[in-house]
Amino acid sequence: MRRHEHLYYVADQPEIADAEYDRLERELRDLEAQFPDLATPDSPTQRVGEKPSESFPTWVHRVPMLSLDNTYNEEELREFEKRVFRQVGERPIDYVAEPKIDGLSMALHYEDGRLVRGVTRGDGVRGDDVTPNVRAIKSVPLTLRGEGVPRRLEVRGEVFLPRARFDAINREREEREEEPYANPRNVASGTMKSLDARVVALRGLRIYVYSVVEAEGAAIRSQWEALERMRGWGLKTHPDSRLCHGLGEVLAFCAEWQQKRDDLQYDIDGVVVKVSSFALQEELGYTSKFPRWAIAYKYPARQATTVVRTIEVYVGRTGKFTPVAHLDPVPLAGSTVARATLHNEEEVARKDVRVGDTVLIEKGGDVIPKVVKVVEAKRPPDTEPWAPPEKCPICQTLAVKSEGEVDRRCPNASCPAQVEQRLRHFARRDTMDIEGLGDVLVHQLLEKGLVRDFADLYHLRERRDELIALERMADKSADNLLLQIEASKSRELRRLLYGLGIRFVGERAAMLLARHFRRLDAIAEAPVEEMESIYEIGPVVARSVREWFDREENRRLVARLKEAGVRTEEPTTAAAAEQTFKGQQFVLTGMLERMTRDEARAAIEARGGRVTSSVSKKTTAVVVGKDPGSKADKAAELGVRRLTEEELATLLGGG
C-alpha cells in the first residue's frame, strides 16, 4: 500500500485501479481491527491525504480536512443510515447529495470578502499554501459579493480539470512527442504543485465548493443552506446538488448519476451524501478519520488490469494506422472491455506495450478504453517489442510514414477500410446528418457493391429493391433512409466540406473556409496563400485542402455530387454580405442569455469580425454577460469598450 500510495500521489504513475487500492485498504483496516496490537501510527489507514510538498509553505488547518468513508452498494449505504439512527434515533432525515468529482480538495480562506489563502488537504492537518495557484483558477472569485458576506470565511471545494482541456493537453503533449497523462485528476494535482502560476492559468482548472467550515457572524443551520449562501456570495457550487428527503431519494440520485455521468464535462467517481442538518452533524461527530454524518457512494471503477493477447492495426478514413490492444475481457464501469486503443506506434514504443503484458486500462466517457501503462513486474520473460506492419493490413499496400509525422498510413485512397470510414464520417450528425445510415448499414452497402463513395448514396433510389433486400431493411426503413439522403442535399456548405473528410479540416476550419469562399468551386481553385490569409487557417490546413482538390479522383467526386443535386454554395443574404465588423476583434465573457456563445461567435464572424480568447489593446469590445470573469476587469484596465448582450444584439441588427 505504501508503494502504491507513492506511485499515485507522488510519482503520478498509478499501477493499479482505485478500486483495487480501496480493497487493500479495507482488508488492512479489518486486520488492524482484529489485531489492534499490530496497528502502527504510520499505517496507511492512519493517513488522510498526501504529504505536503516541500516546495510550498505549509498551513495548519483550523479544522482538520478529513476524507470520507466509502460505500460501494445500496446495502452499505443503508448500513450508513442505520449507524446514524443508532446515534440520533430513527427519524426523517434530509440528506444533501452531489456528484463526487474526481479532483483534489482545496480550502479557500476569505477575510472581509477577499481571498487571502488557498491550501491543499496535505495530510489533513497541514497542507500546502498554494495561494498564487488558486488565484489563477478562474472559477475562484477573488472578491465575494452579495449580502451577509462573513468577515472571516473558510470554504472547501474540489479542484478539477474538464475533460475537454485534458484531451487538448494530451494532444499537445503527443504533438511534442511526450507521453500523454493518465487521467485528469493527476494533471490537476500536478498543476497545483507547479511553482509557476502561469502554468495553472493555462491549464484551465475549475473548482466547485461544497462546504462551509467557518463563517464568522453568519448563522447557517444546514448543508443545503450553506450551498445556497455560498452561491449567493459568488462561489461556484455543484449545479446538480440535490436536497433529498430520506435515503430513498438519495439512492435514486445515485442511480440517476451513474447513468448520466458520461454527460458531464468532467470525471466523477460516485456521489457524496451528507446529513443536511448541522445540529445532527454536531451530534453525530467524527471518528479519528471520517465524519460520521457523511459518506461517499463509489461507482464501479473505470480502471482495471488485464492481459494483452494481440495488437491489431485499424485503418482510418485518412489511411492512418491505429494500433489497438485486444485484451482478456475484464468488467469495467458497467461493461466488459475486450480492447483498448494504443493511439499510434510511437506511443506503443514509449509505453513498450507487448503481447502478453499485464496492463492498466482506463475508460473515459463513451470512447474506447485506453492503456494507461504496463505493469512491468508481471511481464513474461519471452515477450518481444511490438513492430508496426510494413503493409496495410486491409489492402496490402506498402505503408508510408512522412518525415516528422507520428502516424504510419496507407496511401491507397481506394482502400476498403478508408472508404468505409469516410462514408461513416460523411453521414454523421455534425456533417451531412443522414439519420439511419449507421455503421452496420454502411458496411452492408459496401459489401454488396451498392455504393463506392459519397456520390453513390444519391443514386440509391434507383436501386431501392436491392436496398430493401439488405439485412434488417424493409420498405419503410428504406424509404426513410432515402428521404434522409435527399434531405442531406440541402445541408450547409460547411457541413459538406467537413463531411468530405479532408485531412486536418475539422468543423471550425470547414466553417471558416465556407464563410470566406462561399462556393465549393472557389475553394477548389483557391491558392494556398489566399487560404492562409484567413484568420485561424494555417499552412498545414491550406496545403492539405489544396492537395485534396488537386487529385483528379476528388474533382470527379465533387462533380458527381453537384450533378446529384447536393448544394455546393452558400445562399447569398443581405445580412451575410454586410461586413459591419470587418477588422474588429471581440471577446466574450460571462453567460449570455439571448444566444449561446457559439451563436454569438457565428454572428460576429458572419459580419467580418473575429472572436478571440484574451483581451488586449487590439480588442474592439468585450461582450459582458452574466457572472463575467476577469476579462471584464481587464477591459476596464485597458480602456477597452464593454458591451452588454443587448448592445451586441443592436449592433448585430437584432435589438
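Read-outs throughout are calculated quantities, based only on the coordinates presented, and are distinct from any laboratory measurement. What you see is a predicted model, and the numbers here were worked out from it, not measured in a lab. Methodologically, a virtual Cβ is constructed for each residue, glycine included, from the backbone with ideal geometry; neighbour enumeration extends over all protein chains shown.
Counted residue by residue at 0.36 nm each, then reduced by the alpha carbon distance between them, the extension gain from D475 to V116 reaches 122.3 nm. Given R0 = 25 Å, the distance between the Cβ atoms of E214 and L243 translates into a calculated FRET efficiency of 0.65. Judged by the gyration tensor of its Cα atoms, with axes a ≥ b ≥ c, the stretch 522-569 is prolate; a/c meets the 1.5 cut and a/b is the larger of a/b and b/c.
Near the amide H of D102, within less than 5 Å, lie the amide hydrogens of D267, I268, D269, all on another chain or at least 5 residues away, with H placed in the peptide plane.
Listed by chain and number, the lysines whose C-alpha is less than 21 Å from the C-alpha of K626, apart from same-chain residues fewer than 8 away, are K138, K236, K634.
Here the stretch 106-160 is treated with +1 on each Lys and Arg Cβ and -1 on each Asp and Glu Cβ, and its dipole about the Cα centre works out to around 120 debye.
Would you work out if the stretch 557-635 is rounded, prolate or oblate? Take a ≥ b ≥ c from the square roots of the eigenvalues of the alpha-carbon gyration tensor; rounded if a/c is under 1.5, else prolate when a/b is larger than b/c, oblate otherwise. Here the stretch 557-635 falls in the prolate category. Helix 18-34 and the longest principal axis of the C-alpha atoms of the chain enclose an angle of approximately 20°.
Normalised by 2.2 N^0.38 Å, with N the number of residues, the alpha-carbon radius of gyration of the chain equals 1.10.
Annotation note: trypsin sites (Lys or Arg not before Pro) in the stretch 386-422 located in DSSP loop regions with a Cβ neighbour count of at most 15 within 10 Å are K401. Exposure proxy shown here: for D433, D18, the number of other Cβ atoms within 10 Å sets the order, fewest to most, as D433, D18.
Applying 1/(1 + (r/R0)^6) with r as the Cβ-Cβ distance of E507 and H4 and R0 = 41 angstrom yields a FRET efficiency of 0.50. Checking the a/c ratio against 1.5 first, then a/b against b/c, what shape does the Cα gyration tensor give for the stretch 412-490? Since a/c reaches 1.5 but b/c is at least a/b, the shape of the stretch 412-490 is classed as oblate. Put a dot 7 Å past the Cα of A201, heading toward its Cβ, do the same for T650, and the two dots end up 3.3 nm apart.
Note on K617, K289: ascending count of other Cβ atoms within 10 Å places them as K617, K289, the fewest first. Kindly list the residues of the stretch 461-484 that lie in the label zone of V440, defined by a backbone N under 19 Å from the point 7 Å along the Cα-to-C-beta vector. Output list for this probe position: 466-482. When the helices of the chain are scored as -39500 (n - 2.57) per DSSP H run of n ≥ 4 and the total is divided over every residue, the value at 222 nm lands at -10000 deg cm²/dmol. Of all DSSP-defined beta bridges confined to the chain, some 85% are antiparallel rather than parallel.
Highest mean packing first, where packing is the average number of other Cβ atoms within 10 Å per residue, the peptides 341-353, 625-637 line up as 341-353, 625-637. Peptides 82-92, 124-134, 319-329 ranked from most to least packed give 124-134, 319-329, 82-92, packing being the mean of other C-beta atoms within 10 angstrom over each peptide's residues.
Maximal additional length on extending the V60-R78 stretch stands at 3.0 nm, based on 0.36 nm per residue less the C-alpha distance. Modelled label positions at T383 and E447, each set 7 Å beyond Cα in the direction of Cβ, lie 3.5 nm from each other. Calculate the length of the line joining the C-alpha centroid of the stretch 458-484 to that of the stretch 490-564, in whole Å. So the separation of the two Cα centres works out to 30 Å.
Normalised by the number of residues in the chain, the average gap of Cα pairs under 8 Å and 6 or more apart makes the relative contact order 9 percent. Measuring r between the beta carbons of R518 and E228 and using R0 = 30 Å, the FRET efficiency lands at 0.05. Model label points for Q87 and D550, set 7 angstrom from Cα along the Cα-to-Cβ axis, are 7.4 nm apart. The slack between R463 and T310, meaning 0.36 nm per residue of separation minus the straight C-alpha distance, is 51.0 nm.
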